[in-house]
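The values are calculated or read from the model by the stated rules, or taken from the named source; none is laboratory data. These numbers come from a predicted model, not from an experiment. Cβ placement follows ideal geometry from the backbone for every residue including glycine, while neighbour counts extend to all protein chains displayed. Note: accessible area is taken over every heavy atom of the protein model, side chains too, but ligands, DNA and RNA are not part of it. Shrake-Rupley method; radii C 1.70, N 1.55, O 1.52, S 1.80 Å.
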Amino acid sequence: MFSHSVLSCSRPQKVCLCPFLPIHPLKVSTCLYIIQHPAEESRVLRTVPLLAACLPSDKCKILVGRRFSEDRYPELATVCRNPNTLILYPGAEATDLEEVTVMSSSSSVMIIIDGTWSQAKDIFYKNSLFRLPRQVQLKPNISSQYVIRTQPTNTCLSTLECAAVALTIMEKNTSIQETILRPLQALCSFQLQHGAQIHHSKEHLLKNGLYNKPMPKNKRKLRRMELLVNNVKI
């Protein structure tokens with residue numbers, strides 16, 4: 001572990017990622033609010049701790065839970081009511097982040113939901129506060145480097161990757177993405193060296209006849225898998 005680094009990955013010495021973290025927190029004006037599903041806390045290979053280790057503590061705030069009311073989270077409610085706050089969640093109502101940044105350079109708060117797609121959907125739609133900020137999305141032209149965890153589609157990104165791309169756009173600084181992705185790349189490399197397998201997306205497995213799990217009996221889930229195979233955005 002580098003003794004001069006002010007940041008820590010909090011991982012065992014053998015798989016320490018501190019050499020891959022920036023020596024000092026990145027200087028950014030954008031503040032991230034990570035809304036984390038409780039199930040993510042117990043995952044061994046989660047990416048949010050690496051993201052937080054790259055940023056100043058006042059620029060990366062993590063709130064854990066499923067339901068966020070205005071009474072219990074007054075600070076979050078104030079943030080959500082700020083017209084310059086954005087929430088990163090893809091969908092028909094979402095605007096590409098690049099377009100929003102061009103129109104307004106004053107957006108300095110970004111909310112990102114951390115969880116599986118079904119967990120994120122539940123949090124987004126069952127918390128009215130998250131419908132207040134402007135909804136934005138990233139262009140689906142980036143492939144995930146988080147190859148040790150299965151993603152639903154080829155263009156799904158981990159929370160760390162979403163944050164890295166979003167900050168790069170909002171801060172107009174391409175080096176941010178490279179810096180934040182470095183510990184993720186090292187994490188995947190370590191895991192692969194210790195026997196982990198590369199995980200292809202569910203979309204890739206289905207299209208190539210490699211999906212070896214029982215097909216779901218639930219009609220809605222089955223329909224989603226059919227849409228994946230047929231390249232329909234879900």
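Of all residues in segment 51-68, exactly one satisfies the criterion of being out of contact with any strand residue (DSSP E or B) (no Cβ under 9 Å at 6 or more places or on another chain), free of Cβ contacts under 8 Å to residues at least 40 places away in the same chain and open to solvent by 50 Å² or more (accessible area, probe 1.4 Å), namely Ser57.
Among the residues of segment 166-180, those that are touching a helix residue (DSSP H, G or I) at 6+ places or on another chain (Cβ under 7 Å) and in contact (Cβ under 8 Å) with a residue 40 or more places away in the chain comprise Ala166, Leu167, Ile169, Met170, Ile176, Thr179, Ile180. Scanning segment 72-93 for residues that are assigned to a loop (DSSP other than H, G, I, E, B) and open to solvent by less than 50 Å² (accessible area, probe 1.4 Å) returns Tyr73, Tyr89, Gly91.
Selection within segment 14-50: residues that are in contact with a Cys (Cβ under 8 Å, 6 or more places away or on another chain) and free of Cβ contacts under 8 Å to residues at least 60 places away in the same chain. The member of this set that is nearest to Ser175 (Cα to Cα) is Pro25.
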